[in-house]
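The values are calculated or read from the model by the stated rules, or taken from the named source; none is laboratory data. Computed from a prediction, not measured in an experiment: that's the story for all the values here. Cβ: placed from backbone, ideal geometry, glycine included. Neighbour counts: every protein chain shown. For the accessible areas, the whole protein counts, side chains as well, though only heavy atoms, and no ligand, DNA or RNA atoms are used. Shrake-Rupley method; radii C 1.70, N 1.55, O 1.52, S 1.80 Å.
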Amino acid sequence: MSREFWRATAEAVVAAVDAAYIAAKPVDQIYVSEFCQLTRENAYAALKLAVDLDLLREENGEYVTANCLCRALVTSNQQRKATALRLALEDYEPFILFRDRLITTGDAPTAARQLKQLLDLSNHFDEIKETLLSLGQYCRALIAEGGGAYRAAEEGAAHDLQSLAGACSDLHQAESLVCREIGADFVPNIPRAEVIQHLADALLRARDHDGIGAVTMAGNAIESYLGAYGEKQAVSLVGKHGINAKAEELSRNAKLPKKLLNYSKYLGHLRNAADHGVDDDVQATWDISPQVAVEYVFVACSFIRSSSQFVENSNTII
């Protein structure tokens with residue numbers, strides 16, 4: 001039986017990983033298609049190729065991030081994204097063999113034909129060639145020399161790895177700041193991956209003037225926090241989608257005081273402005289300024305601190 005191969009561009013794969021990471025929940029082909037402005041066919045291929053690259057994991061037709069390398073792809077820093085993808089490619093058999101055959105033959109179509117035969121790949125060799133060239137050029141592992149000729153780049157430049165290390169350092173520092181804002185007493189009881197790390201990533205997006213991304217990611221963190229909050233308070237939030245719906249349900253069950261409910265509404269409505277496209281009220285989309293993006297992340301941390309104080313210590317401090 002032929003091995004399946006997925007035709008997709010590197011940009012589509014990175015976008016699909018970004019969509020899965022920032023969603024903080026399993027995503028499907030339709031979600032990624034709409035989020036990334038891809039056709040459903042291209043979104044499906046990008047998701048499948050990301051799974052093949054071990055960047056995503058598929059569970060019953062939905063996709064979640066597979067490892068911490070995905071975090072390095074969620075950035076505006078092109079060099080960091082290229083380095084992260086290159087690390088993934090170094091464990092991807094079709095790319096390794098294609099690059100080896102390209103070095104040997106000096107001809108990309110020939111390398112793709114040989115690769116198709118070696119691994120019994122399902123696609124036409126042209127599709128294999130275009131996909132692997134896209135991946136290789138995106139991460140600078142393959143260099144175009146003109147006239148359809150390509151060569152393999154020298155292995156892992158030190159500055160590339162330094163960039164990735166710098167990203168890890170930035171994330172660590174941002175996460176430390178988020179933990180400090182929430183409070184050391186409460187951090188151990190808060191989901192790290194879905195809340196703390198997403199707030200840290202939101203802080204870095206705000207620093208990089210990505211207002212929409214910062215508010216969307218921090219908003220997802222708050223929704224995840226409320227989900228965990230509801231579980232601890234034995235309040236079912238099934239079917240309650242979004243910050244506002246979850247907070248209202250907690251309030252109806254006397255688990256979120258009115259002052260904290262209204263606190264959460266700022267987070268919910270601003271997240272909706274960033275994430276819901278054209279606003280019918282003004283017939284336009286809302287942009288998020290860098291100042292508001294930073295403020296939003298810190299307000300999110302403060303809301304978590306205040307609600308945690310109320311639940312765990314009965315403290316009424318805002």
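Yes or no, residue by residue, for (1) in contact with an Asp or Glu (Cβ under 9 Å, 6 or more places away or on another chain); (2) at pLDDT 85 or above; (3) of a type in the set (D, E, K, R):
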site	(1), (2), (3)
Q137	no, yes, no
C168	no, no, no
L177	no, yes, no
L199	yes, yes, no
Y229	no, yes, no
K232	no, yes, yes
H241	yes, yes, no
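Here is a list of conditions, (1) within 18 Å of S264 (Cα to Cα); (2) open to solvent by less than 20 Å² (accessible area, probe 1.4 Å); (3) touching a Leu at 6+ places or on another chain (Cβ under 8 Å), and H198 meets all of them except one; can you say which number that is?
So the condition that H198 fails would be (3).
For L87, work out the one condition from (1) of a type in the set (A, V, I, L, M); (2) under 30 Å from R192 (Cα atoms); (3) at pLDDT 90 or above it doesn't fulfil.
Among (1) of a type in the set (A, V, I, L, M); (2) under 30 Å from R192 (Cα atoms); (3) at pLDDT 90 or above, L87 violates only (3).
Out of the stretch 89-139, which residues are in contact (Cβ under 8 Å) with a residue 60 or more places away in the chain, out of contact with any Leu (no Cβ under 9 Å at 6 or more places or on another chain) and more than 21 Å from A12 (Cβ to Cβ)?
Answer for the stretch 89-139, where residues must be in contact (Cβ under 8 Å) with a residue 60 or more places away in the chain, out of contact with any Leu (no Cβ under 9 Å at 6 or more places or on another chain) and more than 21 Å from A12 (Cβ to Cβ): just D120.
Looking at G213, G242, which is the one that is of a type outside the set (A, V, I, L, M) and crowded, with 20+ Cβ neighbours inside 10 Å?
Numbers: G242 fails: crowded, with 20+ Cβ neighbours inside 10 Å.
Exactly one residue qualifies, and that residue is G213.
Output yes when any residue across the stretch 290-300 is among the acidic types (D, E) and not in a helix (DSSP H, G or I), and no when none is. So that I can check it myself, show each step before the final result.
Kept after step one, since they are among the acidic types (D, E), are these residues of the stretch 290-300: 295.
Of the ones still in play, those that are also not in a helix (DSSP H, G or I) are none.
Within the stretch 290-300, not a single residue is among the acidic types (D, E) and not in a helix (DSSP H, G or I).
What number of residues within the stretch 46-64 are open to solvent by less than 10 Å² (accessible area, probe 1.4 Å) and farther than 23 Å from G136 by Cβ?
Residues flagged as open to solvent by less than 10 Å² (accessible area, probe 1.4 Å) and farther than 23 Å from G136 by Cβ within the stretch 46-64 amount to 1.
From the list A111, A88, pick out the single residue that is part of a helix (DSSP H, G or I), open to solvent by less than 20 Å² (accessible area, probe 1.4 Å) and closer than 20 Å to A45 by Cα.
Values: A111 fails: closer than 20 Å to A45 by Cα.
Answer to the check: A88.
Please indicate, with yes or no, whether at least one residue in the stretch 285-292 is touching a His at 6+ places or on another chain (Cβ under 6 Å), within 20 Å of M217 (Cα to Cα) and touching a residue at least 40 places away in the same chain (Cβ under 8 Å). Give the steps one after another, and end with the answer.
In the first step, residues of the stretch 285-292 are kept if they are touching a His at 6+ places or on another chain (Cβ under 6 Å); the result is 290.
Right, trim to within 20 Å of M217 (Cα to Cα) and you get 290.
Pick out the ones that are also touching a residue at least 40 places away in the same chain (Cβ under 8 Å) and you get 290.
Checking the stretch 285-292: at least one residue is touching a His at 6+ places or on another chain (Cβ under 6 Å), within 20 Å of M217 (Cα to Cα) and touching a residue at least 40 places away in the same chain (Cβ under 8 Å).
Keeping to the stretch 4-40, report how many residues are touching a Ser or Thr at 6+ places or on another chain (Cβ under 6 Å) and open to solvent by 60 Å² or more (accessible area, probe 1.4 Å).
Residues in the stretch 4-40 being touching a Ser or Thr at 6+ places or on another chain (Cβ under 6 Å) and open to solvent by 60 Å² or more (accessible area, probe 1.4 Å): 4 in total.
Looking at (1) open to solvent by 30 Å² or more (accessible area, probe 1.4 Å); (2) over 23 Å from A228 (Cα atoms); (3) touching a helix residue (DSSP H, G or I) at 6+ places or on another chain (Cβ under 7 Å), which is the one condition that is false for Q78?
Q78 satisfies every listed condition except (3).
Do any helices (runs of 4 or more DSSP H) lying entirely in the stretch 1-71 carry at least 3 residues that are closer than 20 Å to A82 by Cα, and which ones are they? Before you say what the answer is, go through the steps one by one.
On the way: elements: 10-23, 29-36, 40-52.
Hits in the stretch 1-71: 10-23, 40-52.
Hey, A43 hits all of (1) surrounded by fewer than 22 Cβ atoms within 10 Å (Cβ to Cβ); (2) at pLDDT 90 or above; (3) over 26 Å from I222 (Cβ atoms) but one; which does it fall short on?
(1) is the only condition that A43 fails.
Being open to solvent by 50 Å² or more (accessible area, probe 1.4 Å), touching a helix residue (DSSP H, G or I) at 6+ places or on another chain (Cβ under 9 Å) and of a type outside the set (A, V, I, L, M, F, W, C) is the filter here, so list the residues in the stretch 280-289 that pass it.
First pass over the stretch 280-289, keeping only residues open to solvent by 50 Å² or more (accessible area, probe 1.4 Å): 280-283, 285-287.
Narrowing the set further to residues that are touching a helix residue (DSSP H, G or I) at 6+ places or on another chain (Cβ under 9 Å) leaves 285-287.
Residues satisfying the conditions are T285, D287.
Check whether at least one residue in the stretch 220-228 is in a loop (DSSP other than H, G, I, E, B) and in contact with a Gly (Cβ under 7 Å, 6 or more places away or on another chain), and report yes or no. So that I can check it myself, show each step before the final result.
Restricting attention to the stretch 220-228, the residues satisfying the condition of being in a loop (DSSP other than H, G, I, E, B) are none.
No - not one qualifying residue is present in the stretch 220-228.
If you go through the stretch 139-157 one residue at a time, do you hit one that is open to solvent by 40 Å² or more (accessible area, probe 1.4 Å) and at pLDDT 85 or above?
Yes; the residues of the stretch 139-157 include at least one that is open to solvent by 40 Å² or more (accessible area, probe 1.4 Å) and at pLDDT 85 or above.
Among residues belonging to the stretch 1-40 that are without any contact (Cβ under 8 Å) to a residue 12 or more places away in the chain and hydroxyl-bearing (S, T, Y), point out the one that is nearest to N220 (Cα to Cα).
This residue is S33.
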